[in-house]
Amino acid sequence: MLELRDKKAKLKALEQANTEPIAIIGVGCRFPKSPNPEAFWQLLEQGMDAATEVPKERWDIEQYYDPNPDATGKMYTRFANFIADVDKFDPEFFKISPREAKKTRPSAPITLGSLLGKPGICRFITPDS
């Protein structure tokens, strides 16, 4: 009987854990052709395409492009979605050494930079909302 009561208590705790509200306290992100999430949403609502030809400062498209999708080691499109100012990251601001910054994966500076963006609206989300 005691074991059954214990199992029921554990089950109730698990069920309650699945219905606890969570808080989204901010949104930090970067999107192509959009300085913030609201602008990106408008871009989507208007049915606009954010794809652009590969910028020269990213890589030499002529070196990697081939219209044949089966060409080995080549890409068959000249277009992609790019975010602006990926080279403007200041590692010193985040107290990252130059040596460490060189070893950092490319998405890390973008993620850290987006954390400085405008916080989103705090809202509690429950399973029934």
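The values are calculated or read from the model by the stated rules, or taken from the named source; none is laboratory data. As the structure is a prediction and not an experimental result, all values here were calculated from the model. FYI the Cβ positions are ideal-geometry reconstructions off the backbone, even for glycines, and counts take in every protein chain you see.
Scan the stretch 92-99 and tell me whether some residue there is part of a loop (DSSP other than H, G, I, E, B) and over 22 Å from residue 30 (Cβ atoms). Yes, the conditions are met somewhere in the stretch 92-99. Summed over the stretch 38-59, the residues that are exposed (fewer than 10 other Cβ atoms within 10 Å of the Cβ) and closer than 17 Å to residue 86 by Cα give a count of 2.
In the stretch 77-86, the qualifying residues are those that are touching a residue at least 24 places away in the same chain (Cβ under 8 Å) and more than 15 Å from the chain's Cα centre (by Cα), and the one that is nearest to residue 105 (Cα to Cα) is 80. Among the residues of the stretch 80-91, those identified as surrounded by 11 or more Cβ atoms within 10 Å (Cβ to Cβ) and either of a type in the set (Gly, Ala, Ser) or part of a loop (DSSP other than H, G, I, E, B) (or both) are 80, 81, 82, 83, 84, 86, 89, 90.
Identification of helices (runs of 4 or more DSSP H) wholly contained in the stretch 1-68 with 2 or more residues that are modelled with pLDDT under 85 and not polar (S, T, N, Q) yields 2-17, 37-45. The set of residues in the stretch 69-87 being closer than 26 Å to residue 48 by Cα and either modelled with pLDDT under 85 or touching a helix residue (DSSP H, G or I) at 6+ places or on another chain (Cβ under 8 Å) (or both) consists of 75, 78, 83, 84, 85, 86, 87.
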